[in-house]
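The next block holds one structure in the form of structure tokens; read it before the comments.
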């Protein structure tokens, strides 16, 4: 692709193509916006993983066609993500279709078994998240939410403002 010596060409190709691909991602992200690699929705997470895969593919390309296909794929995914985020803001119906709802797993120190079962979260995993959040006593936990991204948020302390649970689904 660059020179006739295969081992040297492989090294030069890897360095050059990966550098150009990363620079390309930076340019596209500057155009599309900072939200590009956020993990606000499951869709965002999928795009982020796919971008990583395309970056790896671009870095390993053995032809200019393969490299161009990977870099255009990156731009396309980020463009689709931008369009989806705009549609989510302008249409409640589209938002409901594309976005998962967060689910309440624990409230006021009590584990909500039906929610745990429905979301397939194991109690051991929940307890591990409570430890990560420095919970010392289950009675201190005001709420635990399985977020739309798959993250688990632990809200603990003296008082919980109900606004923090707006949009959180309660499974009975």
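The values are calculated or read from the model by the stated rules, or taken from the named source; none is laboratory data. From a predicted model like this one, the values you see are computed outputs, not experimental measurements. Glycine gets a Cβ as well: all are built from the backbone with ideal geometry, and neighbour counts include every protein chain shown.
Summary table
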read-out	value
Criterion violated by residue 32 - all others in (1) at pLDDT below 95; (2) exposed (fewer than 15 other Cβ atoms within 10 Å of the Cβ); (3) farther than 23 Å from residue 152 by Cα; (4) more than 16 Å from the chain's Cα centre (by Cα) satisfied	(2)
Count of the stretch 66-92 residues which are more than 22 Å from the chain's Cα centre (by Cα) and surrounded by 17 or more Cβ atoms within 10 Å (Cβ to Cβ)	1
Qualifying residue in the stretch 24-38 (condition: part of a helix (DSSP H, G or I) and closer than 15 Å to residue 63 by Cα)	no
Spans of helices (runs of 4 or more DSSP H) in the stretch 40-156 with at least 2 residues in contact with a strand residue (DSSP E or B) (Cβ under 8 Å, 6 or more places away or on another chain) and without any contact (Cβ under 8 Å) to a residue 12 or more places away in the chain	none
Odd one out for residue 63 among (1) farther than 18 Å from residue 150 by Cα; (2) modelled with pLDDT under 95; (3) surrounded by 15 or more Cβ atoms within 10 Å (Cβ to Cβ)	(3)
Candidates 114, 133 - the one that is more than 16 Å from residue 155 (Cβ to Cβ) and either within 20 Å of the chain's Cα centre (by Cα) or at pLDDT 95 or above (or both)	114
Criterion (surrounded by 17 or more Cβ atoms within 10 Å (Cβ to Cβ) and touching a helix residue (DSSP H, G or I) at 6+ places or on another chain (Cβ under 6 Å)) met by exactly one of 126, 105	105
